[in-house]
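Reviewing the structure listed below.
The values are calculated or read from the model by the stated rules, or taken from the named source; none is laboratory data. Treat the numbers as computed from the prediction; the structure is a model and nothing was measured. Glycine gets a Cβ as well: all are built from the backbone with ideal geometry, and neighbour counts include every protein chain shown. Surface accessibility is based on the protein's heavy atoms, side chains included, excluding ligands, DNA and RNA. Shrake-Rupley method; radii C 1.70, N 1.55, O 1.52, S 1.80 Å.
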Amino acid sequence: MNFKLLFALLIIAANCFGQEPGESKKYTLDANQFYGSIILHNPDISHLITEHPAGVILSYNRKTYGLESWEEAYNYPDLGYSFIYQNSNNSTLGDNYGLYAHYNFYFFRRNMQLRIGQGISYATNPYDKVTNFRNNAYGSDILSSTYLMFNFHKENIVKGLGFKAGVSIIHYSNANFRAPNTSTNTLAFNAGFIYDLDGGKELEYIHREKEKMTEPVRYNLALRAGLNESDVIDSGQYGFVVLSAYADKRLSRKSALQVGADVYFSSFLKELIRYQSIAFPENGVNADDDYKRVGVFAGHELFLNKMSVISQFGYYVYYPFDFEGRTYLRMGLKRYFGDKIFGAVTLKSHGAKAEAVEFGIGIRL
C-alpha cells in the first residue's frame, strides 16, 4: 500500500463521515503507513524475528475545545477511533487487524502529538500444536492490543490537509487468556496525512478560571474476575476472582493516591500446583498447597472525564506458592457511572509478564 492509496482512502472517508450542517463539533481523519521491527523482549521469540513488519493506521478523531472543564486541563486533547493492519511479513506470525479507542494529547504549541490507543486485534495465524507450533507469541486469535504514537503533527497546511510523522509502538498479547503468550512489540516509523473535515476552519478554545478541587478520603470496594491459563500449554483455562479494598485521596483535578489490599482466588494456580507436584517432585511442591494470595498495594489514579487511568504496585504478604515473584503491577482504565459506581478493565502482571486481564465493578464511597 502506498501514499497515493492512503490519500484516496482519506478522501473517501471524508465523504462518508462529513459533518452535518450546523454541527458545532470538529472532526479530522488521518492515515499513516508504518515500517519497523519486532523488538526482542524475550529470547523465546527470536525465531519469529525474521523480517520487518509494515502496515497502515487509519483514524477518526473528534477535537475538543473546552466544552467540559477536563478538556482544558489536558490542553484540549482529541478523542477517536482507529484501525491498524499489520503485515508481519512472517508466515508463522501471520497478520493482525485491530480496532482501538484512543486519545491524542498535544505538546509544544500543538506541534507534537502523543496518542495512546487501547483495543483488540485479530491474529490470522495463532499457535496450533499441529499446524503452527512455532508461533509461541500468540496463543489465541483474539488479542489485547495497545499502541503509542509520538509524532510531529501539523494540521491544515493546504486547505485542511496536513502531515504527521514519527515513531509508534504496537503491542499484541492475550494476557495469558490462553497459552502460549510471549507476545510481540513492534517499534516502527510512521508517516501520513491528516484531513480536516471542515477544510481547516478554526474554532475558539474555551478558557475557564481554574478551580481547586478537594475531597475527603474515599473508600473503594471492587470485585474483579476473568479467565486465564498457566504457561503450561493445554493445562486449561480457569476462572479467577479478586476482591479489592482501598482508600484514595484526591490531590487535584487530575490525580489521586491509593493504598489498599487484594485477595486473589486464582484457580489456574490450583491446577499448576497439582501439575508441578506430579511432574517436578524435586521442587517440593505439594498438591494440597494453598493457591490463594493476599497482596497490599499503593497506586495512582489519573482522572480524565468520566474515565480514569489507574496504576498500582503491589506486594504479596501471603504467598504460599511461588509464581513469578512477590511483586505485581496493575494498570488499566476505570469508567465512572455517576458519583459512586465504576467499572474497570485492568491488566495484572509481574514485571513484563502478564497474568490476566481483569474485568471489574466497584463502588467508591
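Things to note:
- Residue count for segment 114-140 satisfying the condition of being open to solvent by less than 40 Å² (accessible area, probe 1.4 Å) and either touching a Gly at 6+ places or on another chain (Cβ under 8 Å) or farther than 25 Å from Tyr195 by Cβ (or both): 11.
- Residue, farthest from Tyr264 (Cα to Cα), within segment 340-365, restricted to residues that are hydrophobic (A, V, I, L, M, F, W, C) and within 15 Å of the chain's Cα centre (by Cα): Ala352
- Selection of segment 159-192 for residues being of a type outside the set (Ser, Thr, Tyr), farther than 17 Å from Leu29 by Cβ and over 14 Å from the mean Cα position of the chain (by Cα) yields Gly166, Val167, Asn176, Phe177, Arg178, Ala179, Pro180, Asn181, Leu187, Ala188, Phe189.
- Those residues of segment 203-257 which are among the aromatic types (Phe, Trp, Tyr) and touching a helix residue (DSSP H, G or I) at 6+ places or on another chain (Cβ under 9 Å), in sequence order: Tyr205, Tyr238, Phe240
- Selection count where residues are touching a Phe, Trp or Tyr at 6+ places or on another chain (Cβ under 6 Å) and exposed (fewer than 14 other Cβ atoms within 10 Å of the Cβ), scope segment 260-293: 0
- All of (1) touching a residue at least 24 places away in the same chain (Cβ under 8 Å); (2) out of contact with any strand residue (DSSP E or B) (no Cβ under 6 Å at 6 or more places or on another chain) hold for Glu209 with one exception: (1).
- Just one residue in the set Ser59, Ser37 is modelled with pLDDT of 90 or more, surrounded by fewer than 20 Cβ atoms within 10 Å (Cβ to Cβ), assigned to a strand (DSSP E or B) and under 24 Å from the mean Cα position of the chain (by Cα); that residue is Ser37.
- Listed by position, the strands (runs of 3 or more DSSP E) enclosed by segment 257-361 that each have at least 2 residues that are touching a residue at least 60 places away in the same chain (Cβ under 8 Å) are 341-350.
- Checking the stated criteria, Gly338 turns out not to satisfy the condition of being among the small types (Gly, Ala, Ser), closer than 23 Å to Gly117 by Cβ and surrounded by fewer than 16 Cβ atoms within 10 Å (Cβ to Cβ).
- Selection of segment 141-185 for residues being within 24 Å of Gln113 (Cα to Cα), open to solvent by 60 Å² or more (accessible area, probe 1.4 Å) and charged (D, E, K, R) yields Lys154, Lys159.
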